[in-house]
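Report on one structure; see the data block that follows.
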Amino acid sequence: VSMITTDIISHLIISRFAPAKNKKHAEHRNDIEKVVRHIQNYYKNKMDMEDLAKVACMSKYYFIRLFKSYMGVSPYDFLINYRINKAKELLKTTEYSVGEICALTGFNDYSHFIREFRKVVGITPLKYRFES
């Protein structure tokens, strides 16, 4: 459910920028959509802002500014939130350990995963598993 919600919200955010409203956004709509799809398909892999900027065929700093103005969050925050939503789904539907879920969702550092999860969700992954 959280993944479907994330996909719907992503689509709604992208679709709110109609060409008549903002020419700059209309010109780069496909580029931003391509990056969102790339994140959705490859979130498990290591990626940084330079990688995502290359997908959009833009300079790193221009891409970050454009993505944030388009999506309302930075590309980094979008990636983290997407990974956290995937982690939440795995915590609810599998018996994988928190460490395994950390690796499966693209986090290379267990402590970073716990910090980001707590920041986004408000509780630790283990507590989330037992409370949901």
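Structural remarks
- Taking 0.36 nm per residue of separation and subtracting the current Cα-Cα distance, fully stretching the chain between Thr5 and Ser111 would add 35.5 nm.
- Across the stretch 60-132, the mean sequence separation of Cα contacts (distance under 8 Å, 6 or more residues apart), normalised by length, yields a relative contact order of 25 percent.
- A cut-off under 13 angstrom between Cβ atoms defines the neighbours of Tyr61, and their net charge, with Lys, Arg +1 and Asp, Glu -1, is +2.
- In order along the stretch 55-69, the phi-based Karplus estimate (6.51 cos²θ - 1.76 cosθ + 1.60, θ = phi - 60°) of 3J(HN,Hα) comes to 4, 7, 6, 9, 5, 4, 6, 5, 4, 4, 4, 5, 4, 5, 5 Hz; Gly and Pro are listed as x.
- Rounded FRET efficiency, nearest 0.05, which uses the C-beta distance separating Arg118 from Asn41 and R0 of 30 Å: 0.65
- Taking 0.36 nm per residue of sequence separation and removing the Cα-Cα distance, the Lys54/Val73 pair yields an extension gain of 5.0 nm.
- Legend: P(r) of the stretch 17-132 from all alpha carbon pair distances, 10 Å bins from 0, whole percents, reading 14, 40, 27, 15, 3.
A short reminder: the numbers here are calculations on the coordinates, not readings from a lab. For clarity, every value in this text was computed on a predicted model and none was experimentally measured. Cβ sites come from the backbone with ideal geometry, for glycine too, and all protein chains shown count toward neighbours.
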